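Working notes for the structure below.
What follows draws every value from the coordinates through simple rules; no lab data is involved. Note that the structure is a prediction, hence the values are computed from the model and not measured. Neighbour counts are summed over all protein chains in view; Cβ atoms, including those assigned to glycine, are modelled from backbone coordinates with ideal geometry.
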Amino acid sequence: MARFRRKPVAAPGAAVPREEQLSLVNMFQAQLVRVREKMGAESTRDDPRALATRMFLVVLALSGIGIMLQLSHASTTMAPDGFWHSTLMQLVLRLGSLGALLVGLQLGPQGLRRWIGPLFGLSIVLLALCYVPGVGIEVNGARRWIETGFGKFQPSELARVVGLLWLAHKVADIRPPVRMFGPQVRPLLGVGALVFGLILLETDTGGALLFLVCWSLLLVVALGQVRRVIGPFAVLGLAGAGAAFALSPYVRKRIGDWFDPSGNPQVQDAMHALASGDVFGVGVGQGLWRNARTPHLESDYIYALVGEELGLFGMLLVAGLFATLLFLGLRYVLCIKDRYAALAGFGLLLSVVVQAMIHMQVAVQLAPPKGMTLPFLSHGGTALLVSSFAMGVVLGAARRDAAPSTADAAELAGTTNTEPGRSGSATAPTTTVAST
């Protein structure tokens, strides 16, 4: 049924205004304007510490679902001795991830800034060590790990987080407008290409793609020239994808498995596990496809395990939690006054959410298989600890941002009210807010 709106009453003697019909498009646009105005009004009252608390609870919820799924998977695929050992290791890893989250929360981006150069250099050295015989470990044709004596360590996870912090440090003092390929930006592009190449040659196509996406988006946002750089970045991205497809048989096989999954039993089994879950799943611990020895169902394809045991409801719940984390995180970084901390928080938030997005797309066959874990849910020591530390650093930006700076503290300490009977006047303190 059509709705009508009468225009404002005309002045005396003027023509009588006619009614105009409101189309669905006009109605939608009007509602969109109202929602945007309401969100804009609410965003001015956002408290970064309150948003950080909500994000912390979302991370805890995801981690809780993760340990439930890990114990469920181990309970039916291992002997009793192996199950209790796996349970103990999971508890240690989860406690370690909570500790990493709290350490990152304590430090924040500002606390790491003075050490970011040496840490980034160390992460590049660790990436190079993956290619050293006797140090790097090769698994299924990929050299992504190094042996530490306590277990395997994946340097690409650390390099992504430290690299984004280093980039935020470098671009924080660059004020737009800046020439995209000017002298200030070319070194940053070169360093990003170096790290991307080291990760890609391991071979870790998914990790390299994730690093490139986060690095590029952070650089574009920091320079504030989206329209000018979107074209060059698109051209470079397509050229890189074409080169990888032409030069790497590994990439060609992955893309071939995407278009024709019949040649990859892992992809087929993951889809069968998803389909068997229906709306509410078969129940925790009742999944059958892990007993069929579907490879890496607890790590690279854990979203398929979510679909099997928790059904469509569980899949939407997990996807909704990550969407909530992104929504709260974007509001959160806009509240941070320090430019470096805001950029670092944005980059690290992307590194977690984009990784989750790629994993879920792979599980439902919307992207080629990549062997990428789902943050906070998948089995894996390095990925879990690094993702938790990254989110802790993001949340720590609010804690550091809320504390008064040294100059402000000195000014507040030196400002006193005039007591009765003494000469002089009170001076109100002034606070300078840095622009984000």
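Quick look at the numbers
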item	result
Residues whose placed amide H lies under 5 Å from that of GLU147, excluding near-sequence neighbours	ILE137
In nm, spacing of pseudo-spin labels at ILE174 and GLU147 (7 Å Cα→C-beta vector)	4.1
Spacing of the two label points (7 Å from each Cα toward its C-beta) at ASP278 and LEU238, in nm	4.6
Shape category assigned to region 41-147 from the gyration tensor of Cα positions, a/c cut at 1.5	oblate
Efficiency of FRET between ALA323 and LEU129 - r from beta-carbon atoms, R0 35 angstrom, step 0.05	0.40
Simple spin-label estimate for THR87 and ARG49 in nanometres, 7 Å along Cα-Cβ	4.0
Contact order normalised by residue count of region 47-400, Cα under 8 Å, 6+ apart, percent	31
Under 5 Å, built H, 5+ apart or other chain: amide partners of SER299	HIS379
HN-Hα J in Hz across region 60-66 - Karplus 6.51, -1.76, 1.60, θ = phi - 60°, x for Gly and Pro	4, 5, 5, 5, x, 5, x
Ranked by how many other beta carbons lie within 10 Å on average, peptides 106-114, 202-210 from highest	202-210, 106-114
Cα shape, region 47-400, gyration tensor, a/c 1.5 rule	prolate
Diffusion coefficient, µm² s⁻¹, Stokes-Einstein with Kirkwood Rh over alpha-carbon pairs of region 95-199 at 25 °C and 0.890 mPa s	158
Local electrostatic count, HIS73, Cβ distance below 11 Å [Lys/Arg +1, Asp/Glu -1]	-2
Neighbour-count ranking [beta-carbon atoms within 10 angstrom, fewest first] of GLU298, GLU138	GLU138, GLU298
